[in-house]
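Taking it in order: structure first as structure tokens, then the write-up.
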Amino acid sequence: MKIAIIGFSNSGKTTIFNALTGLGLPTSSYPSTSGEARMGVVNVPDERIDSLSGIFRPAKTTYAAVDYVDYIGFTKGDTKQNAKVHAHIKDADALLQVVRAFEDPSVPHPFGGVDPMRDLRQLEAELVLGDLMLVEKRLESIEESLKKGRKEKVNDAERAVLLKCREALEAEKPLRELEFSPEELKAIRHLEFLSIKPEVVVFNVAEEMLKDKETVQKLIQDAQGLLKGNASALAMSGKIEMELAQLSPEEQKAFLADLGIEEPALRRLIKVSYGLLRLISFFTAGEDEVKAWTIKEATPASKAAGKIHSDIEKGFIRAEVVSYEDFMKCGGSMAEARKLGVFRLEGRDYPVKDGDIINFRFNI
């Protein structure tokens, strides 16, 4: 899963990136219009993997991973600059929009003052505008082909979906608000629109505001009222989370307890992202390796096998399955799971469920 971190300059994008990845990239109070995209890979915390590793004691333990990409911020009204941002993040699976909700005189706000809901509306508008420009450019190309009599170069299905998209975008609606059939999504997939992607809005708040749960909850509720489609909102303090990322697990617990926070925002953010993308994890477990695999909800067993290797999908015979919960109730014993009848044989169309421990039988 790849998540692009977006936002206006001085919103704390890079601070959030550092908090999530544990990297120590330099931050600046001066807006930047150039630079390289930065990547960070984060293991998905999962206590189930920890438990399975404790039972099987494998040579290797592999968690699911999230790739975060940080690039320069959006600039209000600068279509050329924003197109550059689009080009660097268009292949992301989801967007993480950082909205500034903290006051700091030493870090100037590009719009002159802090107003989270204004910034949220404005960045949504920039995403919509960028997609509308893409639609217009593509439709112009299609119309040019029709005028020149090159109908064979025109995909009628794509044109129909683009007209549908244009209507929504001209009404200032992000494409994630629309319903698309699988065929429609396939027709426009190559354009990699931004406003169609699932989005998590993160309000970057100061420590004192984080303790004001009523104010934070109001901010999130206002955002949820504005956001439509596959989007969600939460609040975190980038500064605090960046400090947390540098601490040991024991020190983290003490720090969180002092702040009255149950878990690092990293965990909450990943849970929300998995939910928006409708992702789940299944496990393979043995002496060689315990590993988490990320797939879409209801993925057939044969397709899930393909995540491990294409040969396993091609030669799929059956899946040996036990849920994590049932396995643990059996004391972490496969023999006991078989004895109690919770160890099952499933066919290729079995919809894999979150937490399934699977061994695939196949024949090459």
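The values are calculated or read from the model by the stated rules, or taken from the named source; none is laboratory data. Predicted model, so just to flag it, every value in this text is computed and none were measured. As a convention, Cβ positions derive from the backbone with ideal geometry for all residues, glycine included, and neighbour counts pool all protein chains shown.
Numbers for the structure displayed
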{"item": "Selection status of Ile188, under 23 Å from Gly260 (Cβ atoms) and not small (Gly, Ala, Ser)", "result": "no"}
{"item": "Neighbours by Cβ (under 8 Å, 6+ apart or cross-chain): first from region 81-93, free of Cβ contacts under 8 Å to residues at least 24 places away in the same chain; second among the charged types (D, E, K, R)", "result": "none"}
{"item": "Of all residues in region 298-323 being of a type in the set (Asp, Glu) and more than 28 Å from the chain's Cα centre (by Cα), the one that is surrounded by the most Cβ atoms within 10 Å (Cβ to Cβ)", "result": "Glu320"}
{"item": "Which listed residue is within 17 Å of the chain's Cα centre (by Cα), on the phi < 0 side of the Ramachandran plot and in a helix (DSSP H, G or I), from Ser281, Ser273", "result": "Ser273"}
{"item": "Asp326 vs. criteria farther than 16 Å from Glu47 by Cα and out of contact with any Asp or Glu (no Cβ under 8 Å at 6 or more places or on another chain)", "result": "no"}
{"item": "Qualifying position, being closer than 29 Å to Glu177 by Cα, β-branched (Val, Ile, Thr), touching a Lys or Arg at 6+ places or on another chain (Cβ under 8 Å) and at pLDDT 95 or above, among Ile317, Ile280", "result": "Ile280"}
{"item": "Qualifying residue in region 67-75 (condition: touching a strand residue (DSSP E or B) at 6+ places or on another chain (Cβ under 8 Å) and under 30 Å from Gly286 (Cα atoms))", "result": "yes"}
{"item": "Scan of region 76-97 for residues that are in contact with a strand residue (DSSP E or B) (Cβ under 8 Å, 6 or more places away or on another chain), assigned to a loop (DSSP other than H, G, I, E, B) and at pLDDT below 90, ordered by number", "result": "Lys76"}
{"item": "Single match in Glu179, Glu183, Glu167 (criterion: without any contact (Cβ under 8 Å) to a residue 60 or more places away in the chain and in a loop (DSSP other than H, G, I, E, B))", "result": "Glu179"}
{"item": "Condition met for Gln217 (assigned to a helix (DSSP H, G or I), in contact with a Ser or Thr (Cβ under 9 Å, 6 or more places away or on another chain) and without any contact (Cβ under 8 Å) to a residue 60 or more places away in the chain)", "result": "no"}
{"item": "Condition met for Leu132 (assigned by TED's automatic domain parsing to the domain that holds Ser237, in a helix (DSSP H, G or I) and at pLDDT 95 or above)", "result": "yes"}
{"item": "3 or more residues closer than 22 Å to Asp50 by Cα and either in the same structural domain as Ile55 (by TED's automatic domain parsing) or in contact (Cβ under 8 Å) with a residue 24 or more places away in the chain (or both): qualifying helices (runs of 4 or more DSSP H) within region 303-359", "result": "324-329"}
{"item": "Hits in region 33-79 - residues which are among the β-branched types (Val, Ile, Thr) and either touching a His at 6+ places or on another chain (Cβ under 8 Å) or farther than 16 Å from Leu269 by Cα (or both)", "result": "Thr33, Ile49, Ile55, Thr61, Thr62, Val69, Ile72, Thr75, Thr79"}
{"item": "So Phe193, is it of a type in the set (A, V, I, L, M, F, W, C), in contact (Cβ under 8 Å) with a residue 40 or more places away in the chain and more than 30 Å from Ser237 (Cβ to Cβ)", "result": "yes"}
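For (1) in the same structural domain as Arg267 (by TED's automatic domain parsing); (2) modelled with pLDDT of 90 or more; (3) surrounded by 17 or more Cβ atoms within 10 Å (Cβ to Cβ); (4) at positive phi, each residue gets a yes or a no:
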site: Thr15; (1), (2), (3), (4): yes, no, yes, no
site: Thr21; (1), (2), (3), (4): yes, no, yes, no
site: Pro26; (1), (2), (3), (4): yes, no, no, no
site: Pro31; (1), (2), (3), (4): yes, no, no, no
site: Asp46; (1), (2), (3), (4): yes, yes, yes, no
site: Ile49; (1), (2), (3), (4): yes, yes, yes, no
site: Leu52; (1), (2), (3), (4): yes, yes, yes, no
site: Ile55; (1), (2), (3), (4): yes, yes, no, no
